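Okay, so here's the structure we're looking at.
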2 protein chains.
Amino acid sequence: MGAAEHGEYPPELSKEEEKYLLNTLKDWSIAHGLAVRPAPTFVQQSQDPTGVLASTAPVTLFPSLFPRSCFEEGLAIQKAYNELYSAIARDETWLQSIVEELLDIDDFVAKLWQIHLAVKKEGYVQNLSLGIFRSDYMVHKDPSRPDSTPGLKQVEFNTIASSFGGLSSQVSALHKYLLTVDAYSASMSSPIKADNLRQSKSAKSLAKGLAVAHNAYGTSRTARPLCVLFVVQDPERNVFDQRHLEYALLEENGVRSFRLPFGETLSHTKLDSDRTLVYTPPNSPSTPFEVTTIYFRAGYSPDDYPKEEDWTARLHLEKSRAIKCPSILTHLAGCKKVQQVLATPHSPHLQRFLPEFEVAARVLATFAPIYPLDNSEAGREARKLAADPASASRYVLKPQREGGGNNIYRKAIPPFLEKLPKTHWPAYILMEMIEPPQLKNAILRNGELQRGGVICELGVYGVSLWRDGGGAEQKGEILESFEAGYLLRTKGDQSEEGGVAAGFGAVDSCCLVDG
Amino acid sequence: MGAAEHGEYPPELSKEEEKYLLNTLKDWSIAHGLAVRPAPTFVQQSQDPTGVLASTAPVTLFPSLFPRSCFEEGLAIQKAYNELYSAIARDETWLQSIVEELLDIDDFVAKLWQIHLAVKKEGYVQNLSLGIFRSDYMVHKDPSRPDSTPGLKQVEFNTIASSFGGLSSQVSALHKYLLTVDAYSASMSSPIKADNLRQSKSAKSLAKGLAVAHNAYGTSRTARPLCVLFVVQDPERNVFDQRHLEYALLEENGVRSFRLPFGETLSHTKLDSDRTLVYTPPNSPSTPFEVTTIYFRAGYSPDDYPKEEDWTARLHLEKSRAIKCPSILTHLAGCKKVQQVLATPHSPHLQRFLPEFEVAARVLATFAPIYPLDNSEAGREARKLAADPASASRYVLKPQREGGGNNIYRKAIPPFLEKLPKTHWPAYILMEMIEPPQLKNAILRNGELQRGGVICELGVYGVSLWRDGGGAEQKGEILESFEAGYLLRTKGDQSEEGGVAAGFGAVDSCCLVDG
């Protein structure tokens, strides 16, 4: 799948075609809230102190080509992923074994774990947990076997604050509208056909997920009105993405919600003696609400905790009787380390959580192999692969610690390791490179149009509500689990051959193609 | 109805209440396309050359209080107004008698009339006309009778390019949303209750009107695809207002439409030998469309005709077989002069067009009396009223010519007339002042919040499709006629007592109150 197989994609547009496409896109996007607050580099706060300006969200002009089989597989296995990660979150013993390896090297993980321990000591008072997940993939095609079928490889699995579910529904509707009004080349051979476009149902589905938790919470013990609490960053440029979920939650499920900046948590919420979480809207202090569900769209990054008080706030929320989306343990289940441990070849862990062989095999097929460079059997194998320039060219060497910019790619790995004392090797992991297909698209971002090579990441949303078993082992039960739509996020490729600036992402939708 | 009767309206908000209201409003408006392109004084073109920025449309924070009986009467008589103005548009003889008085003093009217004569000479080839009307009113309460019931008085009747039908639906939905999420004071005595708010159905109804014409046009004679053509100004800041109609036309009626800047008419349209209007989209020159309906959102002002070629374009469109919204005669029926002639006390004209006495009486009740200052019987009566300071205080003196800034108000009239030679008096008309109730509101406009005294104008939309009789007298038949939603437009009052800058309008919705 690529330019060669589908002629020129995206189609070359005449000046008039591009003008029509852009005008149609710019108006539709604002008319339908496919928008963001402008970046400070685009509009300074002093120009618009009230904040009434908005901009078309970064979007692709065309839906990107995506292999149909990969798309369908990604959606089909989401329920298995829901099962996997909710099982991990329920398995405190196992999670502890993972987290313990990180305590010394990752302050953030250590703090989260301490919160779990503190709440555990007092006793958890809510045994329901809501997961709104997003499993992110790239298409991988083995470059050594050009005729092989492309497959999905997981980039990461998000268990907290999975974003763009609101805008994703809008961008797939946008691309469909552009097709309907003939904004795409009308050539018969163009793959952009209604049958090949996929509407993402993410906004409605994620809202439904929140409503499921809200309803499972039960009635108020204090006859207070009930609400869902969106815990958010402030300011938030991506606010419309979140608002679309709020609107769907109210309009389609009749559920009230409020937005609470994470940093103001302790000012506006309190715990009753039975740890019911009470939110008092600052605009309406005489009408406190009982919070059924805390939906974190903040708190996932150390940057969200500038003050010690912010950790107190997280503990305060975690202690409460509200259903958390996610709970601390679910948040921790999203550690890169968990992904790595599951993805190490011959890892026994996947089977622990997904006992059905067929299900586990399908999930396993989406892992890019990740090896430790330690003295284990897998580690010894990895050391050989990394030291040999021939095999190293299919890998990337990453430090265990989070954060980009320190990766060593392909043929640079053997000379790098040669200079590194062997005792330091275990600080790194070796991951098989995902080799995405060569694609092109055009991105409108901050009013600038950029064309060139792009890389697409498919995110599949999943919703799961489960009851913890209460013991140390994974137990409990899943009460609700469904696949909840998709996101295609597209950014300039790293090659710097194309015109799209590397790393600048845009929301996109899928134009499915065979092969 | 006023502040005194409804306590403080709008309710005083605490700082926190106002913050919540504004945040909720700003996000909702962008998420739902209640937006405009920013004014050049707000965002310069050089900052955003691609034009991706948008701003919350000027809106009121609260729905303005509006007398229920006036609102209901305005909607109820819209079908009578449809009948009246379509009858005027079908009565060339009568219109000619009006227009002839304007030919020497109004170039614009003269040019429009010449186009009618030119097309008439060749013969009209389309006998269907579509009217999308908006009748604008203010609430009037006789200041000399404080206990009297408020009534509607017509400000003007629009027969071309009636705007804000797209945004009006959105602003009434906004105010309803703000009520739902408790953004308004929750006091029991507040009139802002769901039962008192009125959702405007204007976007859907106007789109339906265009679809009615489109379908009445019939099939293409040339097997070309059919479309509606929006003839627009370029650039257009109020583009989302129009786009909402386009989207409703496509989504709810399955009708394609295109936007054609009026100045580019001759470049992209041509007439077949049978005067079928063919539009060739510049982005898709190989797929010409047959135009069923021309919807003018431009061409209503002399400013739209900077070049002689623009008049050629208007003639070209008027000659075509497409249904015009409006036709030239319908456009001319919207002259202020027509309103004046109908509104002169004891005028025989209303009866000519609305033979049913009861219908005519209801329409008549919405006219603010307008007198000529000539030697007719009505004129002699008016001269007395104008010369006496006691009676003059209820009137405004306006020159016949269009254009504001030359009006003489109330007690200034007698001394003004005293200095004016009596031969020049007929150049003026005397109109009874509309005395709107004292209202307050807050307007968000270009990011600035302004509070104070406001004046509200209710616009009621009407759609009518009719067939011309083909003769000189009014004949033909009305094929479709319906009331099509409403607009409330609110601006700062002229008193300069309030903080809202006079003349700066905002879209608003009605909160109905009794009395």
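How far is A:Asp104 from the same spot in each other copy, in nm, shortest first, if each label point sits 7 Å from Cα toward Cβ?
Taking the point 7 Å beyond Cα along Cα→Cβ, the inter-copy spacings are 10.4 nm.
List the relative contact order of the stretch B:3-88 as a percent without decimals, with contacts defined as Cα pairs under 8 Å and 6+ residues apart.
26
What does the average come to when, for each residue of peptide A:426-433, you count the partner chain Cβ atoms lying within 10 Å of its Cβ?
Across the residues of A:426-433, the mean count of other-chain Cβ atoms within 10 Å is 0.
Would you please put B:49-62, A:308-321 in order of how densely packed they are, using the mean number of other Cβ atoms within 10 angstrom per residue and starting with the highest?
B:49-62, A:308-321
In deg cm²/dmol and to the nearest 500, what is the mean residue ellipticity at 222 nm of chain A if only DSSP H runs of at least 4 residues count, each as -39500 (n - 2.57), divided by the residue total?
So the calculated ellipticity at 222 nm is -10500 deg cm²/dmol.
What does the structure give for A:35-47 when I average, per residue, the other chain Cβ atoms found within 10 Å of the residue Cβ?
That works out to 2 on average.
Which entries in A:Lys15/B:Lys201; A:Lys204/B:Lys176; A:Lys141/A:Lys491; A:Lys79/A:Lys141; A:Lys201/B:Lys26; A:Lys208/A:Lys475 show an alpha-carbon gap greater than 30 Å?
A:Lys15/B:Lys201
So, in nm, how far is label B:Lys475 from label B:Ala427 when the simple model puts each one 7 Å beyond its Cα toward the Cβ?
4.2
For Cα pairs less than 8 Å apart in space and 6+ apart in sequence, what is the mean separation divided by the residue count of chain B, i.e. the relative contact order in percent?
The normalised contact order for chain B reaches 26 percent.
Counting partner chain Cβ atoms within 10 Å of every residue's Cβ in A:17-29, what's the average?
For this peptide, the per-residue mean of nearby foreign Cβ atoms is 4.
Taking the Cβ-Cβ separation of A:Thr50 and B:Thr312 as r and a Förster radius of 56 Å, what is the calculated FRET efficiency to the nearest 0.05?
0.80
If you filter the stretch A:323-422 for GluC sites (Glu not before Pro), then keep DSSP loop positions with at most 16 other Cβ within 10 Å, what is left?
Within the stretch A:323-422, the qualifying GluC sites (Glu not before Pro) (loop, at most 16 other Cβ atoms within 10 Å) are A:Glu356, A:Glu402.
When we measure straight from the Cα of B:Lys337, which lysines land under 17 angstrom away, once same-chain ones fewer than 8 places off are left out?
Excluding near neighbours in sequence, the set is B:Lys111, B:Lys153, B:Lys398.
Can you give the net charge of the other residues whose Cβ lies under 13 Å from the Cβ of A:Asp272, counting K and R as +1 and D and E as -1?
With Lys, Arg at +1 and Asp, Glu at -1, the net is +4.
Note down the nm distance, to one decimal, between modelled labels 7 Å out along Cα→Cβ at A:Ser144 and at B:Ser391.
Spacing of the two 7 Å Cα→Cβ label points: 10.4 nm.
Restricting attention to the stretch A:427-480, which trypsin sites (Lys or Arg not before Pro) occupy a DSSP loop and are surrounded by at most 15 other Cβ atoms within 10 Å?
A:Lys475
In debye, nearest 20, what is the charge dipole magnitude of chain B about its Cα centre with +1 on Lys and Arg Cβ and -1 on Asp and Glu Cβ, if you could check? Each step should come with its number before you reach the end.
Working: 55 positive and 63 negative charges, 104 e Å.
The calculated dipole for chain B is roughly 500 debye.
Compare the Cα positions of A:Gly209, A:Leu245, A:Phe289 along the charge dipole of the stretch A:201-297 (+1 at Cβ of Lys, Arg; -1 at Cβ of Asp, Glu; about the Cα centre) and return the one farthest towards the positive end.
Of A:Gly209, A:Leu245, A:Phe289, it is A:Gly209.
Please compute the modelled spin-label separation between A:Ala76 and A:Thr41, points set 7 Å along Cα→Cβ, answer in nm with one decimal.
Result for the modelled spin labels: 4.2 nm.
Read the figures in this text as sums done on the coordinates, not as results from a lab. These numbers were taken from a predicted model, which means no experiment stands behind them. Neighbour counts run over all protein chains shown; Cβ positions are idealised from the backbone, glycine included.
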